[in-house]
Structures are given as C-alpha cells and as structure tokens.
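The values are calculated or read from the model by the stated rules, or taken from the named source; none is laboratory data. All values reported here derive from a predicted model rather than from experimental measurement. Every residue, glycine among them, receives a Cβ derived from its backbone with ideal geometry; neighbour counts consider all protein chains shown.
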Amino acid sequence: MVPDAAKRNFFYGVNFELGYELPRFSSTPWGLEIRPIIGVRNTEWEFIVNPIVDLSFGSAGEADFAPALRLARNLGEDRFIGIEYYADFGKIGDFLPAEQQSQQLFAVTDFKVNTVDVELGAGYGLTSGSDRFVVKAILGYAFPVSGKSGDCNSPNTQLGLGTPARSMQEPWGTK
C-alpha cells in the first residue's frame, strides 16, 4: 500500500496471493491472484475498486478477470455498512456469456470487537452462473509489529477491506 494509506483520501496498492488447491478440487492446483487496490474516501464514504486478475498454472491454466467493487458508509467508531460487488467474467480475451459469469452483490457491515476485526455479509447471485445466496464472515487480527511506534491495532493505523476494522492483508487492502 501507499505509505500512510489510512490517512489519505486517495490510496492505492497491490496484493499478491499464491494458492494451492488439491487436484481433486481443481484441474490447475496452483494459482496466483493479483489484486490492485484503488480507492477514494472522505469522512463519510469510501469507494474501492479491485480489478483482479486470477492466474492458474499448468496445461489448463488461464488468466481470468474477476473485478470487485465496494461502496461503504462510515458510521464512525470503526463501524461501516455498505455494498460489495464481486464478479468473475472468465478468461481474459474470451469472457463467458453474461449469464454464465459469476456476479454477486453483498450487503456488508464491518466493525471492531476489542482488537478483533469483524466483517459480516449476505450476498445474492445476479446471474445463473452465480451462487444464488451466500453469507460470509471474516474475522481478523493485526499482530503488533515490533519496532513500530504505537499499537498497530489502533484505528488510526489499521489498513484493510476499506475500513479501519480490516487488516492490510484482507481482500480490499486498505482503510
């Protein structure tokens, strides 16, 4: 993330995630997610865009485009409500037909319970290629970093899913 992202109105960064799935669950067990993070915020609202590219490796590997968006209202005291949109358009250069794409809209809330970050959401699939109804719960904890002044669990230094209630390693990548 850009330095001091939590204090900026415009912020950006990139997150890389290397993953492995057992072959019985995926024809391409190794994958890499490249998640650019671009956001704007003020004291009341935040808007974050993640133009994600998912790379899978092996003979059946490909590059998929799976964008995500977030619009959230800051309720103060590390509390947010908002909507999130997740999509998977399919292979770059050969997108799936619209009805086969995964497109889901979530109502979400983020808050903090002591030092634990909580995000809860309920999502609905917008296409026949989507899961019809999904619930999600994400719990996070930012471990203190030695040598840094202040507590990394302080709301003024948190970075995460667009809220101070999320760590820098979370999906949206910033507050």
* Structure fact -> Going through the range 42-76 in order, the residues found to be in contact (Cβ under 8 Å) with a residue 24 or more places away in the chain and on the phi > 0 side of the Ramachandran plot are GLY58
* Structure fact -> If you go through GLY39, GLY19, GLY61, the only one that is closer than 30 Å to LEU75 by Cβ and surrounded by 12 or more Cβ atoms within 10 Å (Cβ to Cβ) is GLY39
* Structure fact -> Taking the range 64-116 and the residues there that are in a loop (DSSP other than H, G, I, E, B) and within 13 Å of the chain's Cα centre (by Cα), the one that is surrounded by the fewest Cβ atoms within 10 Å (Cβ to Cβ) would be PRO67
* Scan the range 129-147 and report the pairs whose first residue is in contact (Cβ under 8 Å) with a residue 40 or more places away in the chain and whose second residue is surrounded by 10 or more Cβ atoms within 10 Å (Cβ to Cβ) and in a strand (DSSP E or B), with Cβ atoms within less than 6 Å and a gap of 6+ or a chain change. => none
* Asked: What residue, among those in the range 117-146 that are among the hydroxyl-bearing types (Ser, Thr, Tyr) and surrounded by 10 or more Cβ atoms within 10 Å (Cβ to Cβ), is farthest from LEU75 (Cα to Cα)?
  -> SER128
* Quick one: what pairs do we get from the range 26-41, first residue free of Cβ contacts under 8 Å to residues at least 40 places away in the same chain, second charged (D, E, K, R) and crowded, with 17+ Cβ neighbours inside 10 Å, C-beta under 6 Å, 6+ apart or different chains? -> GLU33/ASP54
* **Scope the range 1-16; condition loosely packed, with under 15 Cβ neighbours inside 10 Å and part of a loop (DSSP other than H, G, I, E, B); matching residues** => VAL2, PRO3, ASP4, ASN9
* For residues that are of a type in the set (D, E, K, R) and over 30 Å from TRP45 (Cα atoms), tally how many sit in the range 11-35. => 2
* To do: With the condition kept exactly as written, say whether any residue in the range 149-158 is closer than 29 Å to GLU44 by Cβ and either at pLDDT 95 or above or under 13 Å from the mean Cα position of the chain (by Cα) (or both).
  => no
